[in-house]
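FYI, it's all coordinate maths here, none of it is from the lab. Keep in mind that what you see is a predicted model, and the values were worked out from it rather than measured. Cβ coordinates were reconstructed from backbone atoms using ideal geometry, including for glycine residues, and neighbour counts include every protein chain displayed.
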Amino acid sequence: MKILVTGGTGLVGRYLSKILKSENSIFLSRRDCDITSFPEVKDVFFRVKPDVVFHLAAFTDVDASEYDPVSALKTNVTGTNNIALMAGKTGSYVIYVSTDFVFSGEKKKKYTEKDQPYPLSIYGKTKFEGELIVSTICREYCIVRTSRVFGKDGRNFASCLPQKLLRKQKLMITTDLINSPTYAKDLAKALLDISSARFSGIIHFCNDGQCSWYDFGLYICELLRIDKFLLIPVSSKNFSSSQATRPDFSVLDTSLFSGVFYKPRSWQEAASEYIRSEIKAEAC
């Protein structure tokens with residue numbers, strides 16, 4: 001079986017490469033293939049002839065998407081359209097990773113796969129458009145929504161938080177945006193399990209439980225044995241550096257995933273492993 005991974009050098013792609021060690025697996029970086037170029041995508045598909053495509057490549061900077069919507073649209077919409085078109089032609093099974101930001105956050109209860117998306121940000125809108133493209137064009141597909149992904153060498157806030165705290169850096173951190181942190185290692189395993197089962201449709205995966213950024217930060221402080229005074233709790237309404245509107249509550253219901261596969265471990269257990277095996281080990 002031949003496997004193609006877009007965004008292969010990104011956060012989730014790196015974890016996927018550690019557990020998907022096969023000579024028939026191709027991990028594409030931006031340098032290998034510009035997914036916004038249909039000729040480049042077409043060339044890759046005809047050359048590789050993938051049975052399975054993990055479409056991980058995305059413009060994920062939520063705030064940057066607001067002042068550079070063209071880049072977000074090119075990658076998340078045009079790029080996804082190119083991947084979907086070629087997957088449709090070659091009959092490839094596509095796993096498209098989406099986000100909790102497709103929801104408005106007004107529900108105040110866990111979002112299921114059947115809830116109607118209503119994204120508030122450019123990022124959320126482009127990812128939802130990607131969902132519609134994949135579900136319309138691809139013959140076989142699975143849309144996997146996840147949230148607040150963290151892991152080693154990630155460039156997002158959740159991934160970088162431990163290193164910032166170890167440097168004794170004071171941080172303003174929001175108390176009123178609630179969702180579920182997800183360890184990239186756990187997400188990569190879930191994607192492989194979904195692929196092996198050829199699950200079809202939409203499914204949610206994130207680590208179990210929910211918290212605010214501040215709660216997450218407090219737990220990281222506890223794991224690192226660092227004084228919590230470094231964390232300055234603020235409301236998202238007073239967070240001046242944020243350009244995009246984020247859902248107040250975007251916790252994903254993973255009951256479907258639990259019923260088909262297994263119950264995801266808690267975000268606390270996942271964060272503990274991340275700190276123990278990847279942050280403290282690195283510090284030593």
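Provide the FRET efficiency to the nearest 0.05 for the Tyr67-Leu166 pair, computing r from the beta carbons and using R0 = 30 Å. Calculated value: 0.45.
Dividing the helix sum by the residues of the chain, where each DSSP H run of 4 or more adds -39500 (n - 2.57), gives a mean residue ellipticity at 222 nm of -11500 deg cm²/dmol.
Here is the list for the range 41-122: GluC sites (Glu not before Pro) lying in DSSP coil, each with at most 11 other C-beta atoms within 10 angstrom of its C-beta, are Glu106. Subtracting the Cα-Cα distance of Lys18 and Leu218 from their residue separation scaled by 0.36 nm leaves 69.0 nm. Overall shape: oblate for the range 230-272, with the ratio a/c of the largest to smallest alpha carbon gyration tensor axis at 1.5 or above and b/c at least equal to a/b.
Across the alpha-carbon set of the range 40-120, the Rg to Rh ratio works out to 1.05, Rh being the Kirkwood radius. The count of lysine pairs in the range 40-159 that are at least 8 places apart or cross chains, and whose C-alpha atoms lie under 15 Å apart, stands at 4. For the chain, the longest principal axis of the alpha carbon atoms and the long axis of helix 38-48 meet at an angle near 80°. The DSSP beta bridges internal to the range 169-284 are antiparallel in roughly 25% of cases. By the rule of a C-alpha distance below 20 Å, with chain neighbours fewer than 8 residues away ignored, the lysines paired with Lys228 are Lys164, Lys168, Lys170, Lys280.
Shape class for the range 91-213: prolate, because the ratio a/c of the largest to smallest gyration tensor axis (alpha-carbon atoms, square roots of eigenvalues) is 1.5 or more and a/b beats b/c. For Lys263, the aspartates and glutamates whose Cα comes closer than 18 Å to its Cα, not counting residues fewer than 8 places off in the same chain, are Glu113, Asp186, Asp193, Asp208, Asp253, Glu273.
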